[in-house]
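Data first, discussion second: the structure below is written as structure tokens.
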Ligand code: ARG
Ligand code: GLU
């Protein structure tokens, strides 16, 4: 009786309790397979509302912004929101000493004041269709992997040619999903007149800087505002004064009702890359070798940068963007390695592989984990050498610059501007210290078999990396802006013989001849094994819903607003407020020095509880920056911009207890837009749900 009762209870639980949401980046076209679960978690719209090719749907209000971020349409006149860090280079390009929009922010007060951005595009997904059969037409199992690759390319190109129409801005791509077990055609309409409408000052849009990056509590007003323009037929066009605001098929209604713990959240955007189905050896390499070693190398570099940046304001400005780039992945890897260790992902995968192998004996999937194991044993040491090369030798600015100049001269391009922009942000004492730290690390960490012969020989002849560095920097012409600017094609012999270019090139040739071919061959084998292993995992776990790894295509991630506990006895609640900004405010600390106007507004009272950011359990990745965060009714409640560092292993393994995405609360955007930007005119074109 008791037993019967427990069984019934379990069955009921299975029926009435929705699966734990959170994990997963689902394909919009297949959302009907998830819609019941989404609705069980609170979503009130239908699959057709999310994605449809027959009627306007939410997907028509989401764009790939540039080539690595997401954006959303918020008015019938093509108004678009994305992150401040996604629009950063555009804001920077319009800035000068007279009007420093990065520092002070920018707000167009009418459409005429909106600023064009040559080169910037936004891509609307028109549709996605499975094309596996067409792509694999003519495939026979006896084909080699290289033959299959070229067949896929030929068939894929033919499919793309059929639909692409560059004159109309229609681009198409065939993408492999599930390790090329499936292929999808993605058709995009690309608009190329995208204008800057507004941005907060960096002290709001980048508040917290690298100190708070990947962290909670967070108070960054990470947004910027653009507008898409079209020709008079609403079609993509080059910039022209005659263009008119784009009329979207669909735009987001904005909700000001706010969020609370437990509320349904849906992130609609373009995550860049994840690897959820890899073998234990791949995870072991990331968690125990690659991440820790790259973190250590970047710590050395960041320490050097910080030492000089703290001494000199001009150097701080020169290197702040470089510092941000180096530290962004550095911090992410720390969370990733820690998360993999905490979750014992390697052991869990080892165990999974043992069970898989037992199950697979005698089937077409027999021996796959073992095969991957063998391949990784060959690949990892070579790949490690490649990573050391990119994280050491390739980080010396002078060597990179020498190569850029050589490339420009080869192509017959003038190098004056290149030299100017390089030297504007170059501080030689930093580079000299990095040269020594990085080449010494390379020497120390690479086993003899993985060090190029010329490197060992030259190092021996100089006696030390420092002596080598001194000789190179004193002899190289690339340390002298005037001499570089005067170079022409006639000087190519001198450029090729220059010690900075010679060192860059010797390492590059070594990489091309010793590392790259091995890695390429093994990667092809590994991909092939994964294609079978992926199908094997699906056959092994028939009741699990598999989502394809991210590849910068549009995905649906749903979850709910939630805090988390990063460590024993600590709990983070999920909503931050303006009061937290005031607590951090400090004119002495660059990252926390807010604009005076914000202090004044706060001092007036009444804004203490103004929400700023919130946490949720959506499964996101790099590329989801700028993605709309949507409530149960499909209304815009936030803009995704980050994850918490304790959860960044979600690119490999998702943990519902730690993985949180960080979003800007849309009400903070509205607050900044009105109170600081005084851009009231933009409110008139938005539609509010409440
Ligand atoms: N961590 C976020 C991302 O991966 C934001 C990076 C930009 N912000 C910064 N402080 N560096 O893109
Ligand atoms: N900031 C990231 C981006 O630019 C999003 C954070 C993440 O990796 O989830 O895409």
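The numbers here are math on the coordinates, done by the rules we state, and not lab data. Being a predicted model, the structure only gives us computed values, none of them experimental. Neighbour counts run over all protein chains shown; Cβ positions are idealised from the backbone, glycine included.
Here are the numbers for this structure:
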quantity	calculated
Cβ-based exposure ranking for 128, 25, 215, 143, in which fewest neighbours within 10 Å come first	143, 215, 128, 25
Shape box of segment 537-621 [Cα atoms, principal axes, largest first, Å]	62, 34, 26
Along each principal axis, Cα extent of segment 47-122, largest first, Å	50, 27, 19
FRET efficiency, residue 680 to residue 95 (Cβ-Cβ, R0 22 Å, nearest 0.05)	0.35
Residues of segment 502-544 with amide N under 16 Å of the 7 Å Cα→Cβ point at residue 461	502-507
Where labels lie 7 Å past Cα in the beta-carbon direction, separation of residue 162 and residue 48 in nm	2.7 nm
Cα gyration tensor shape of segment 394-445, rounded if a/c is under 1.5, else prolate or oblate by comparing a/b with b/c	oblate
Segment 181-317 - Kirkwood radius from inverse mean 1/r over Cα pairs (Å)	21.0 Å
Full-stretch length increase - residue 582, residue 565 - with 0.36 nm per residue and alpha-carbon distance subtracted	3.7 nm
Inter-label distance for residue 308 and residue 520, nm, one decimal - labels placed 7 Å from Cα along Cα-to-Cβ	3.6 nm
Spatial separation of Cα centroids for segment 567-586 and segment 329-345, in angstrom	23 Å
Exposure proxy ranking, count of Cβ atoms within 10 Å, fewest first, for 388, 191	388, 191
Scattering profile of the chain at q = 0.06, 0.07 Å⁻¹ [log10 I(q)/I(0), Debye over alpha-carbon scatterers]	-0.38, -0.53
Computed Rg/Rh of segment 559-598, alpha carbon atoms with Kirkwood Rh	1.13
Where N is the number of residues in segment 398-480, Cα Rg divided by 2.2 N^0.38 Å	1.26
665, 157, 585 arranged by Cβ crowding within 10 Å, fewest neighbours leading	157, 585, 665
Rg ratio (alpha-carbon, reference 2.2 N^0.38 Å) - segment 565-660	1.28
Segment 476-585: Cα Rg divided by the 2.2 N^0.38 Å rule of thumb	2.07
